[in-house]
Amino acid sequence: MGPQHLICAVKGQADQNGRNRQANWYYFRLDGLRRGEEVQIDFIDLVGEYNFKPGSHAVTKNTRPVFSYDQKNWTHFTDEQASWDEKEIRLTVRFRPERARIWIAHMEPYTGVELRRLTAMRHPHLRVGVAGRTARGKEIPLLTITDPAVAEGEKKVIWLMARQHAWEAGTSWAADGAVRCLLSDDAEAARLRKVAVWQVMPVFDIDGMAEGAVRFNVNGFDNNRNWDTAEPEKMPEIFTARKLLMAST
């Protein structure tokens, strides 16, 4: 359309049968913007299907994108900057950038940068391990938090699993916050470390996080819906995690 009017076809992702396409994740950078000169972005190709019901779309008039000039501080576009076309199923944002470079996303991203910061933490009550590997062979981090002064056999095991669907970045932020809270000097955190073994997976679909996927693993299987039928080659994420969970019961 022009350097100041962009069309963004959201890639989306379908399952192993080419069905149930979801188009609810985008994260990109714009460079060379002119400060104060209006930019328009139209998000299109949003329609897919959910539970084999065509016509659904997760991006709606209520899902305003977020933007950042530094990848640290994120802000939603205002109602005045974002508009929705129900007939065309199109989300449009119009804004006047304050800097030449801007990042835009469906929601505040939780990337490998944030994950590495979390797993690099050191604490006497923290063990950083691996829950298994993804279909791409990437390690799925497992953070174990407990007070070693109390025998683990006397404690309950509590699991927190985030990001079974790659686009659900908010769950990784929640898990990240839970880890930092459990490792804090707060008296309640100290009590929780004494009474339980906390097993936290801050990002389950590592492949999807890295590749900008949405709902399914790289083989097209939903990491939230196949726990009873997980095959080790097609769904190694679920297969290995389920073994760990069952062993802890």
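Derivation of every value follows stated rules applied to the coordinates shown; laboratory data play no part. Owing to the predicted nature of the structure, the values given are computational and were not obtained by experimental measurement. Cβ placement follows ideal geometry from the backbone for every residue including glycine, while neighbour counts extend to all protein chains displayed.
Among the residues making up segment 10-54, those that are more than 19 Å from residue 81 (Cα to Cα), in a strand (DSSP E or B) and touching a strand residue (DSSP E or B) at 6+ places or on another chain (Cβ under 7 Å) are 13, 22, 48, 49, 50. I want to confirm something. Restricting to segment 105-153 and keeping residues that are without any contact (Cβ under 8 Å) to a residue 12 or more places away in the chain, part of a loop (DSSP other than H, G, I, E, B) and over 20 Å from the mean Cα position of the chain (by Cα), which single residue is nearest to residue 237 (Cα to Cα)? Result: 122.
Check whether at least one residue in segment 218-233 is in contact with a Gly (Cβ under 9 Å, 6 or more places away or on another chain) and aliphatic (A, V, I, L, M), and report yes or no. Scanning segment 218-233 turns up at least one residue that is in contact with a Gly (Cβ under 9 Å, 6 or more places away or on another chain) and aliphatic (A, V, I, L, M). Of everything in segment 154-192 that is basic (Lys, Arg) and either part of a helix (DSSP H, G or I) or in contact with a His (Cβ under 6 Å, 6 or more places away or on another chain) (or both), the residue that is surrounded by the fewest Cβ atoms within 10 Å (Cβ to Cβ) is 191.
Residue-by-condition table, conditions (1) over 30 Å from residue 13 (Cβ atoms); (2) surrounded by fewer than 21 Cβ atoms within 10 Å (Cβ to Cβ):
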| position | (1), (2) |
| --- | --- |
| 125 | yes, yes |
| 133 | no, yes |
| 149 | yes, yes |
| 194 | yes, yes |
| 203 | no, no |
| 223 | no, no |
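Evaluate the following for residue 73: is it farther than 27 Å from residue 223 by Cβ, surrounded by fewer than 18 Cβ atoms within 10 Å (Cβ to Cβ), of a type in the set (S, T, N, Q) and out of contact with any Pro (no Cβ under 7 Å at 6 or more places or on another chain)? So residue 73 fits the description; yes.
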